[in-house]
Amino acid sequence: MYNFRDYLGFAERYVICAEEENVDTNFFLIPSVLLSWVAIESFINNMLDDFASLPEDMFELHERALLLEQRVRFVDEGAEKGTFVLEKKEYRRLEEKIFFLLAKFGKTAQLSKGDKLWQNFEKLKDLRNDIMHPRKYMDLKLDVVIAKHGLTTSKEIISFVSTHVSGKPIEL
Amino acid sequence: MKITFDETAKEDDRIKHIVTEFLDQVETLERKMSTPVMIFQDGKNLAYYIKCSIKAQDASGIVDLDAKLDIESTEGYRANRELLLNHKTYKTMKSDAEAGREFNDIIVEYNLKYNKVRPLKVWGGQHRIRAISDAVKFSNRYHGFRIYFDLNKKQRTEVALISNTNINVSNDTFDRILEETLFGDYLRKWCQEAGFLKKDEDFPSVGSKAERITVKLARSFMVNFYIGKEKGAQLKSDEIDKNIYEPYLTETGVVIDKAYSSLMETMGSKILGDHSLLDAGKYFLALHNAQYKAVKEAKTIPNKKSYRNKAFVESILCGWAYIAGLLQAHKTRLEKHYKIPKTIGVIPDPLNAVEMSKFKHDNDPPTYRGLGTRSSLKDRQRVAQVFLAKSLQDSCSLDKKFLLKAVSTVEGLLALKKGYA
């Protein structure tokens with residue numbers, strides 16, 4: 001399986017291809033933006049897996065639910081009646097996972113929604129959503145500068161989370 | 001002939017007597033020319049020596065390349081590294097000797113307490129003396145010797161070490177020399193008992209070429225077993241999996257490792273009677289043998305030395321031994337730890353060397369070479385976790401998913417340990 005560095009590398013190569021292309025640059029820029037997003041997804045999911053692999057009693061149930069992306073259910077029958085259990089998939093948004101990691105493990109640094117980095121993250125998310133959920137009335141605004149900006153944002157988010165959760169900068 | 005002490009040497013009649021005896025017995029240029037012989041004394045270790053010249057033919061008959069550090073021992077372990085007779089440098093040396101080159105500062109000890117027919121025990125210049133001996137029919141000229149007298153064990157060790165410091169001598173040779181001098185032969189005997197070494201076999205002088213356990217590895221195994229044991233005795237069963245463990249790697253070379261030194265001061269010969277340690281050694285050897293055999297016979301993975309000897313990679317050995325110690329107080333898990341990891345069609349070797357070498361975590365730099373391939377603390381911590389996680393299961397193979405989870409656990413614990421939670 002590829003890791004976040006691979007995805008960042010792919011995204012970068014697509015940008016380079018777009019710079020060399022004179023006609024239909026979106027042919028390269030669309031995958032570049034998606035891969036920049038995927039890099040963050042990959043990094044954050046793997047970081048959650050690191051914590052999810054720890055002994056169960058080191059986290060509260062609702063925290064494990066987020067780590068494992070599962071639903072908490074109250075059991076009202078059978079041997080486990082009266083308890084809470086985890087079951088089925090319940091996918092979380094990427095920003096929820098980032099906020100959880102920072103709140104739980106990076107208390108010295110929080111990312112405010114007003115911060116420039118977070119605003120850039122929102123821009124990348126909007127662009128990714130525009131690509132993933134197209135509508136005929138939408139006008140996709142994408143060029144090399146925007147794609148490069150998305151790539152930089154991806155790297156900065158990964159670096160920020162790594163520094164404040166693992167306590168050390170990550171080699172990108 | 002006149003024999004005098006150098007101005008910095010303390011006069012000693014006994015030494016003078018031994019030097020006189022030597023000069024009477026051995027044909028030297030000094031005796032032939034009746035030139036005065038000066039007795040020097042090393043300012044640091046106080047050992048006495050002379051400098052003299054001996055003809056190649058005379059020297060070749062009385063030098064002993066199998067010099068021993070412990071002359072009281074009846075066992076015949078040689079202290080020097082193996083001769084590298086096919087090495088390019090040796091071949092040049094021999095060719096030079098045949099052409100009549102003079103060699104100097106060959107360091108020997110005059111000692112009649114073993115192998116009396118060859119009283120000059122070689123400590124420095126064994127390749128030169130071998131080249132001189134081999135070339136004697138082409139050139140029988142004088143060569144320069146430094147001859148030590150009446151050395152005690154400590155002086156002898158130091159002479160051996162300083163004589164070998166200038167040339168490319170492996171740390172494994174230094175370790176072997178120091179081990180015997182400082183601690184005796186307990187470690188070697190333990191390795192023979194556990195099966196790491198055959199009866200009468202010694203540690204290799206160059207571990208990387210020998211495919212058998214070195215002094216450094218054997219020391220690391222023991223230290224890790226005991227520090228793991230101490231740690232495990234303090235933990236309840238539900239606490240074991242909530243810690244990051246730090247297997248220890250002993251130092252190698254001319255510096256003696258403090259943790260090992262401390263262990264031997266406490267344990268000494270008792271290590272030979274510790275059945276739990278011996279069991280651990282035997283189980284680890286079983287793992288090594290299984291890995292070796294599997295790689296050698298497997299058709300789906302390359303028969304590479306690094307794969308065959310995966311168990312002897314420092315991080316693997318240290319991590320395994322630490323967990324063996326840790327689980328001494330947790331017998332059910334210890335039994336599982338001692339089981340050799342299951343092999344399956346796509347994973348023909350117990351340690352899954354191929355997958356380990358490809359392994360990479362997100363936190364690893366792009367240059368990371370894989371799990372269980374180096375000796376760094378990070379690698380030792382991860383390997384310890386692999387074996388700890390394995391001890392939770394009756395039977396498992398070290399597949400990619402298993403390795404990922406184990407390393408994830410270490411990374412998660414490390415993040416928690418940093419105090420951000």
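Please report, largest first and rounded to whole Å, the three semi-axes of the ellipsoid equivalent to segment B:1-134, where each semi-axis is the square root of five times an eigenvalue of the C-alpha gyration tensor. Working shown, then result.
On the way: eigenvalues 136, 76, 38 Å².
Equivalent ellipsoid of segment B:1-134: 26, 19, 14 Å, largest first.
Given a cut-off of under 8 Å on Cα pairs at least six residues apart, what relative contact order in percent is computed for segment B:264-390?
It comes to 28 percent, rounded to a whole number.
Which whole-number value in Å³ per residue fits the convex hull of the alpha carbons of segment B:232-285?
142
Need one number: the % of Cα-Cα pairs in segment B:274-403 sitting beyond the 20 Å mark. Walk me through the numbers before you get to the answer.
Numbers: 3375 of 8385 pairs.
Cα-Cα pairs in segment B:274-403 separated by more than 20 Å: 40 percent.
Enumerate by residue number the trypsin sites (Lys or Arg not before Pro) in segment B:1-84 meeting two conditions: DSSP loop (anything except H, G, I, E, B), and at most 11 other Cβ atoms within 10 Å of the site's Cβ.
Values: sites: B:Lys2, B:Lys10, B:Arg14, B:Lys16, B:Arg31, B:Lys32, B:Lys44, B:Lys51, B:Lys55, B:Lys68, B:Arg78, B:Arg81; in loops: B:Lys2, B:Lys10, B:Lys44, B:Lys68, B:Arg78, B:Arg81.
Answer in residue order: B:Lys2, B:Lys10, B:Lys44.
Regarding segment B:346-421, what is the average projected area of its C-alpha convex hull, in nm²?
5.6
P(r) for segment B:76-144, please, calculated from all Cα pair distances in 10 Å bins and given in %.
20, 48, 29, 4
Show me B:272-282, B:294-304, B:224-234, A:78-88 ranked by packing, highest mean number of other Cβ atoms within 10 Å first.
With the highest mean Cβ count within 10 Å placed first, the list reads B:224-234, B:272-282, B:294-304, A:78-88.
Using only helices, what value at 222 nm comes out for chain B when you add -39,500 (n - 2.57) per DSSP H run of length 4 or more and divide by the total residues, to the nearest 500 deg cm²/dmol?
After summing the helix terms and dividing by residue count, I get -14000 deg cm²/dmol.
Take the alpha-carbon centre of segment B:1-69, take the same for segment B:384-405, and report the distance between them in whole Å.
63
More than 26 Å apart: what percent of Cα pairs in segment A:29-172 qualify?
For segment A:29-172, the fraction of Cα-Cα distances above 26 Å is 35 percent.
For chain B, what proportion of DSSP beta bridges, expressed in % and rounded to the nearest 5, is antiparallel? List each step's numbers first, then the result.
On the way: 17 of 27 bridges.
Here the antiparallel bridges make up roughly 65 percent for chain B.
By the gyration tensor of its Cα atoms, with a ≥ b ≥ c the square roots of the eigenvalues, what is the shape of segment B:45-109: rounded for a/c under 1.5, prolate for a/b over b/c, or oblate? Provide the component values of the computation, followed by the final result.
Working: a/c = 2.16, a/b = 1.35, b/c = 1.61.
Since a/c reaches 1.5 but b/c is at least a/b, the shape of segment B:45-109 is classed as oblate.
Show me the three semi-axes of the equivalent ellipsoid for segment A:103-172, from the C-alpha gyration tensor (sqrt of 5 times each eigenvalue), largest first, rounded to whole Å. It would help to have the intermediate numbers written out before the result.
Details: eigenvalues 158, 36, 18 Å².
Rounded to whole Å, the semi-axes are 28, 13, 9.
At a threshold of 8 angstrom on Cα-Cα distance, excluding pairs fewer than six apart, so keeping six or more, what relative contact order does chain B reach in percent?
The value is 12 percent.
So which GluC sites (Glu not before Pro) in segment B:324-421 end up in coil per DSSP with only 11 or fewer other C-beta atoms within 10 Å?
Filter output for segment B:324-421: empty list.
Relative to the longest principal axis of chain A, what angle (0 to 90°, nearest 10) does the C-alpha long axis of helix A:144-165 take?
The two axes meet at around 30 degrees.
Once you place label points 7 Å from the Cα toward the Cβ at A:Leu140 and B:Ala286, how far apart are they in nm?
Here the answer is 6.1 nm between the modelled labels.
For Cα pairs less than 8 Å apart in space and 6+ apart in sequence, what is the mean separation divided by the residue count of chain A, i.e. the relative contact order in percent? Each step should come with its number before you reach the end.
Values: 186 pairs, mean separation 45.3, N = 172.
Relative contact order here is 26 percent.
Starting from the eigenvalues of the Cα gyration tensor, five times each then square-rooted, give me the equivalent ellipsoid semi-axes of segment B:158-252, largest first, whole Å.
31, 15, 12
Using only the Cα atoms of the protein assembly as shown, build the gyration tensor, take square roots of its eigenvalues as a ≥ b ≥ c, and label the shape rounded, prolate or oblate: rounded if a/c is under 1.5, else prolate if a/b is larger than b/c, else oblate.
Prolate.
What distance in nm lies between label points placed 7 Å from Cα along the C-beta direction at B:Leu392 and B:Ser357?
2.9
Please work out whether segment B:8-84 counts as rounded, prolate or oblate from its C-alpha gyration tensor, where a ≥ b ≥ c are the square roots of the eigenvalues and a/c under 1.5 means rounded, while otherwise a/b larger than b/c means prolate and anything else oblate?
On the way: a/c = 2.07, a/b = 1.28, b/c = 1.61.
Cα axes put segment B:8-84 in the oblate bin.
Report the label-to-label distance for B:Glu72 and B:Val255 in nanometres (one decimal), using points 7 Å from each Cα along the Cα→Cβ vector.
Result: 3.1 nm between the two label points.
Return B:Tyr142, B:Tyr49 ranked ascending by Cβ neighbour count within 10 Å, so the fewest neighbours appear first.
Least to most surrounded, the residues fall as B:Tyr142, B:Tyr49.
How fast does segment B:169-308 diffuse by Stokes-Einstein, in µm²/s, taking the Kirkwood radius from C-alpha pairs at 25 °C and 0.890 mPa s? Show your work: numbers first, answer last.
Values: Rh = 16.4 Å.
In µm²/s, the coefficient rounds to 150.
May I ask for log10 I(q)/I(0) of chain B at q = 0.13 Å⁻¹, from a Debye sum over the Cα atoms as equal point scatterers with solvent left out?
-1.05
Only sites in a loop by DSSP and with at most 15 other Cβ atoms within 10 Å count here; which GluC sites (Glu not before Pro) in segment A:2-70 make the cut?
Within segment A:2-70, the qualifying GluC sites (Glu not before Pro) (loop, at most 15 other Cβ atoms within 10 Å) are A:Glu21, A:Glu60.
FYI, it's all coordinate maths here, none of it is from the lab. These numbers were taken from a predicted model, which means no experiment stands behind them. Ideal geometry is used to build each Cβ from the backbone, glycine not excepted, and the neighbour counts take in all protein chains shown.
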